[in-house]
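What follows is a single structure, written as structure tokens, with notes after it.
The values are calculated or read from the model by the stated rules, or taken from the named source; none is laboratory data. Just so it is clear, the model here is predicted, and its values are computed rather than measured. Here the Cβ positions follow ideal geometry from the backbone for every residue, glycine too, while neighbour counts run over all protein chains shown. Note: accessible area is taken over every heavy atom of the protein model, side chains too, but ligands, DNA and RNA are not part of it. Shrake-Rupley method; radii C 1.70, N 1.55, O 1.52, S 1.80 Å.
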There are 2 protein chains.
Amino acid sequence: MQAVTDLAQRRNEALASRTRAAILRATIAVIARHSLSGTTVQLVAEAAKVAPGTVILHFQKKDALLLAALEQIAAEFETARRAALEAAGGDPVKALEAIIEVSLDPKVSDPANVAVWYAFWGEAKARKLYLERIGSYDTVSQEGLDRLFAEIISKGNSGGGYRHLNAEALAMGFSGLLEWQWQEILVSGRNYDREAAKQTARAYLASIFPQEFAPH
Amino acid sequence: MQAVTDLAQRRNEALASRTRAAILRATIAVIARHSLSGTTVQLVAEAAKVAPGTVILHFQKKDALLLAALEQIAAEFETARRAALEAAGGDPVKALEAIIEVSLDPKVSDPANVAVWYAFWGEAKARKLYLERIGSYDTVSQEGLDRLFAEIISKGNSGGGYRHLNAEALAMGFSGLLEWQWQEILVSGRNYDREAAKQTARAYLASIFPQEFAPH
DNA sequence: AGATGATAAATGAATACTCATTCAGTATCG
DNA sequence: CGATACTGAATGAGTATTCATTTATCATCT
């Protein structure tokens, strides 16, 4: 009797989680197109090809659904970023190059993802939970950048020529530049020239650290 | 008869425009606290101490009200920025210093203003009108910055030592840095240390143009 | 194999809100 | 007074959530 119940549950979990994932994907797509305030359970259900009741069945409250969507996107960003940093293997120069690649990777910086990210920023002031989730991502990634810049400044192969550089300020400028490009993705959508953007980001680094980021 | 009507209208316009201004101020305050989706005509009316009907009487549609609020804020930003640039009198070094001051002026970067600005960014993808208004502000100010950086690079007093610098990338880093600080205002609110932020922005410029922005 | 029954998943019409907008009436002002 | 500004209860459109019912799935039994 116990065995029967267990097996039945295992099957259901698989089906349920497939549906759950479909709803989450649909939610992100709907937020991207209609913004947070324009996102209705009805629209999400249609996009996921389920009934409205199913959406609530899986997430209890619309609010929880939106939070789950935010969590999903933030986790994707974090995973991609961490993978890139690990691939750089502790070399700060490679790490910065990898961050540029990740940040402008078509999958990571898909216009839908970017739109959703800014949609949550827009509501962040009013909804503490959004702010916490978004803020923690930004804080962590910013601290990582600070360290990379500081490392290049102190151990760079320019014979101490970088001593007058301020790591914190330049790292902030770098994240700001990447964010700025994200805003441009939001504005121009699909036809945004990611290669040009990467060139600009590299030009930023080459301007500051000419030894390490020579213009090929 | 005509004169009477004219006089009556003149008085009414004064009263009406006072009410209108109060509603706009209230709208900005409500958006800042409740975000766009949480902003209701009811809340705005309460904050402005008028009846809900009065809000609609003046702006016809809630949508028009929100757009008017955006327009108001964008215009404030533009005015402040233009005044700062004029005060710099064509000197790009002074101009950049002035932009830092303006951008972190407690009145311009009041947490409410910042929150409203990001609230509209969050809806921008879904509402073309918001995107146009916000985007045009950002584009114009960005182009101005590009020119300032290019000027310092070409005419700077470092004897050509700036030739390898990329104006566009560094200008984008600079606006990005200022935007990043705005996001931090959004997160930390009233107790944000504006002086420290200004120091960081100046440190950015001093890192790039040590001759022009020596650490006092 | 095919049928059966037990369980979970999904449905979607009905419910119970919230909120923008209307408008008949009131207050205010010169 | 005459004209405009303002009021706020009533309207109705839209939407999250509920829940009684239906559908799907699979272990078990003929």
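Tell me the Kirkwood radius of the protein assembly as shown: reciprocal of the mean inverse pair distance over distinct alpha-carbon atoms, in Å.
Values: mean 1/r = 0.0419 Å⁻¹.
Final number for the Kirkwood radius of the protein assembly as shown is 23.8 Å.
Just the accessible area for residue A:17, please: 1.4 Å probe, Å², rounded to the nearest 10?
60 Å²
Using only the alpha carbons of region B:88-216, what is the convex hull's orientation-averaged projected area in square nanometres? The partial results should precede the final answer.
On the way: hull surface 33.5 nm².
Hull-based average projected area comes out at 8.4 nm².
Sticking with the crude label model, points 7 Å out along Cα→Cβ, report the distance from residue A:22 to residue B:17 in nm, one decimal please.
Each label point is offset 7 Å from its Cα along the Cβ direction, giving 5.9 nm.
Which entries of A:94/B:198; B:49/B:107; B:125/B:155; B:62/B:128 have Cα-Cα distances beyond 28 Å here? Don't skip to the answer; put the middle values down first.
Values: A:94/B:198 30 Å; B:49/B:107 24 Å; B:125/B:155 40 Å; B:62/B:128 16 Å.
Beyond 28 Å between Cα atoms: A:94/B:198; B:125/B:155.
Over the protein assembly as shown, with the other protein chains present, what is the accessible area per residue in square angstrom, probe 1.4 angstrom? Write down the numbers at each step before the final one.
Numbers: 21040 Å² over 432 residues.
Heavy-atom accessible area per residue stands at 49 Å².
List, shortest first and in nm to one decimal, how far the label point of residue A:60 (7 Å from Cα along Cα→Cβ) is from its counterparts in the other copies.
4.5
Shielding of B:107-116 by partners, i.e. mean partner chain Cβ atoms within 10 Å per residue? Write out the running numbers ahead of the final one.
On the way: counts 0, 0, 0, 0, 1, 1, 0, 1, 4, 2.
What the average comes to for B:107-116 is 1.
How long are the three semi-axes of the equivalent ellipsoid for chain B, computed from the Cα gyration tensor as the root of 5 times each eigenvalue, in whole Å, largest first?
Numbers: eigenvalues 322, 77, 46 Å².
So the three semi-axes of chain B are 40, 20, 15 Å.
Put a point 7 Å out from Cα along the line to Cβ at residue A:71; what are the distances to that point in the other copies, in nm, shortest first?
Label-point distances to the other copies, shortest first: 4.3 nm.
Enumerate the whole-percent occupancy of each 5 Å bin, from 0 to the last occupied one, for all C-alpha pair distances of region A:133-205.
Calculated over all Cα pairs of region A:133-205, the distribution is 3, 15, 20, 20, 18, 13, 7, 4, 1 percent.
Are there any trypsin sites (Lys or Arg not before Pro) in region B:42-74 that are in a DSSP loop and have at most 14 other Cβ atoms within 10 Å? List them by number. Display every interim value, and only then the final one.
Values: sites: B:49, B:61, B:62; in loops: B:49, B:61.
Hits after loop and neighbour filter: B:49, B:61.
Only helical DSSP H runs with n ≥ 4 go in: add -39500 (n - 2.57) per run for the protein assembly as shown, normalise by residue count and round the 222 nm mean residue ellipticity to 500 deg cm²/dmol.
On the way: 18 runs with 334 residues, N = 432.
Calculated at 222 nm, the ellipticity per residue is -26500 deg cm²/dmol.
As a test of understanding, state the convex hull volume per residue of region B:29-154 from its alpha carbons, in Å³. Walk me through the numbers on the way to the answer.
Values: hull volume 13.6 nm³, N = 126.
Measuring per residue, one finds 108 Å³ for the Cα hull of region B:29-154.
List, shortest first and in nm to one decimal, how far the label point of residue B:17 (7 Å from Cα along Cα→Cβ) is from its counterparts in the other copies.
Here residue B:17 shows inter-copy label distances of 6.4 nm.
Can you send over the carbon and sulfur percentage of the accessible area for the protein assembly as shown, probe radius 1.4 Å, protein chains only? Working shown, then result.
Values: 11650 of 21040 Å².
For the protein assembly as shown, the apolar C and S fraction of the accessible surface comes to 55 percent.
Any chance you could look up the accessible area of residue B:77 with a 1.4 Å probe, heavy atoms only, rounded to 10 Å²?
10 Å²
Heavy atoms only, 1.4 Å probe, whole protein assembly: order B:55, B:50 by accessible area, highest first.
Values: B:55 5, B:50 40 Å².
Result of the area sort, largest leading: B:50, B:55.
In percent, what relative contact order does chain A have, based on Cα pairs under 8 Å that are 6 or more apart in sequence? Spell out each step's value before the answer.
Values: 178 pairs, mean separation 38.5, N = 216.
In percent, rounded to a whole number, it is 18.
Which parts of region B:67-98 would a label at residue B:132 reach, counting a residue when its backbone N lies under 14 Å from a point 7 Å out along Cα-to-Cβ?
B:67-68, B:71
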